[in-house]
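A quick write-up on the structure given underneath.
The values are calculated or read from the model by the stated rules, or taken from the named source; none is laboratory data. It should be emphasised that the depicted structure is a prediction, and the values quoted were computed from it without experimental measurement. When we count neighbours, we look across all protein chains shown, and the Cβ atoms used for this are built from the backbone with ideal geometry, even at glycine. Ligands, DNA and RNA are stripped out before the accessible areas are found, and what is left, the full protein with its side chains, is counted by its heavy atoms. Shrake-Rupley method; radii C 1.70, N 1.55, O 1.52, S 1.80 Å.
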Amino acid sequence: MDPVSQRIADWKIPIGEWGKEFFNFLTTNFAWFFDRVSDGLQNFLEGLIALIQWVPPILVVLVIAAIAWWLQRSWKLALVVALGLIFIINQGMWQPTVETLVLVVAATAVSMAIGVPIGIWAAHNEGVYRVLHPLLDLMQTMPTFVYLIPVLILFGLGVAPGLIVTVIFAMPSPIRLTYLGITSVPKPMLEAGEAFGATKRQLLWKVELPAALPTIMAGLTQCIMLSLSMVVIAALIGANGLGTPVVRALNSINIPLGIEAGLAIVVLAIMLDRICRIGTAGLK
């Protein structure tokens with residue numbers, strides 16, 4: 001290292017140490033809060049997983065296929081969904097698939113419940129979006145493994161930290177696309193609503209949201225895919241699911257296990273994407 005670079009490095013800004021002190025402060029003073037959140041989420045998710053696993057797998061397959069048919073009115077989609085899930089059962093991946101499915105659906109629901117209102121707020125307040133924009137950029141460019149460290153420190157191991165880290169990772173997508181959808185509503189539509197005496201709330205529910213719905217639902221599908229990718233990585237902090245056999249296969253160089261788990265993930269991703277995309281088409 002040249003002398004100039006060495007002098008710059010000698011005056012290193014202790015960002016890492018500041019971060020360590022911050023998390024030490026949180027764990028020292030608010031451990032009770034993080035423990036309660038973790039325990040509550042853990043009990044809820046584990047109870048839901050246990051309930052689905054208690055039901056015969058074939059019955060669960062039929063219910064999911066029926067949901068797919070109801071959203072699209074397509075027996076072909078329902079058949080593909082059923083065959084895909086039966087393939088997962090055949091490969092012995094049903095239990096981790098249920099765990100992953102519950103985590104993905106829960107994380108997507110929470111991400112949309114938080115992200116859509118924030119996106120609407122940002123669309124109606126440019127100052128809010130100017131503050132959110134760099135934060136969203138940071139969240140979407142941060143390496144996924146970095147998210148695991150603070151969540152592991154605050155919430156420990158288990159399925160609850162896996163849900164929390166997945167929500168944090170996936171939430172920027174619905175915020176951005178909701179903002180994009182609301183701000184892309186044609187002005188003549190808004191002016192027409194105002195001309196008919198619509199209030200701001202009526203404009204939101206009767207004009208802006210229906211016009212922005214395709215973009216918002218695109219955020220939903222993106223959120224599902226991001227949640228699925230993060231849930232697999234979250235297996236490293238005890239979230240289980242299909243990420244566990246993937247990590248086990250990687251550690252032991254077990255090619256058959258890796259292929260089986262990978263195909264189960266692909267089937268689940270395609271199934272969720274098609275069902276939600278079709279559901280979007282049905283809503284329009």
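Summary of values
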quantity	calculated
Rounded to the nearest 10 Å², the accessible area of Lys20 at probe 1.4 Å	120
Pair Phe22, Ile253: separation of 7 Å Cα→Cβ label points (nm)	4.1
Label-to-label distance, nm, for residues given as Thr183 and Ala113 (7 Å Cα→Cβ offset)	2.8
Residue with peak Gaussian network fluctuation, the chain [Cα springs, cutoff 10 Å], from Pro143, Pro210, Pro245	Pro143
Dimensionless Rg over Rh [the chain; C-alpha; Kirkwood]	1.04
Three-way shape call for region 102-188 based on the alpha-carbon gyration tensor, with the a/c threshold at 1.5	prolate
Overall form of region 68-114 per C-alpha gyration tensor (a/c, 1.5; a/b vs b/c)	oblate
R0 of 35 Å, Cβ-Cβ distance Leu62-Val266: FRET efficiency to nearest 0.05	0.95
Euclidean distance between Cα centres, region 1-65 to region 71-116, Å	24
Three-way shape label, region 1-79, alpha-carbon gyration tensor, a/c 1.5	oblate
Where Trp94, Trp121 fall by accessible area, highest first, once all protein chains stay in place (1.4 Å)	Trp121, Trp94
Solvent exposure of region 63-109 as accessible area per residue, Å², 1.4 Å probe	50
Portion, in percent, of the accessible area of the chain that falls on carbon or sulfur, probe 1.4 Å	70
Gained length - Phe196 relative to Asn43, 0.36 nm times residue gap less alpha-carbon distance	50.1 nm
Proximal lysines to Lys12, defined as alpha-carbon separation beneath 18 angstrom and excluding residues fewer than eight positions away on the same chain	Lys20
Debye log10 I(q)/I(0) for region 146-218, one point scatterer per Cα, at q = 0.14, 0.18, 0.19, 0.23 Å⁻¹	-0.59, -0.71, -0.75, -0.92
Calculated [θ] (222 nm, deg cm²/dmol) that DSSP helices of n ≥ 4 give over the chain, each run adding -39,500 (n - 2.57)	-28000 deg cm²/dmol
Cα-based reach from Lys76 at 23 Å (exclusive), listing lysines while leaving out same-chain residues under 8 positions away	Lys284
Over 17 Å [Cα-Cα, region 182-284], rounded percent	64
Per residue value of the accessible surface for region 162-265 (all protein chains in place, 1.4 Å probe), Å²	47
Length released on extending from Val55 to Phe145, taking residue separation times 0.36 nm less the Cα-Cα span	29.0 nm
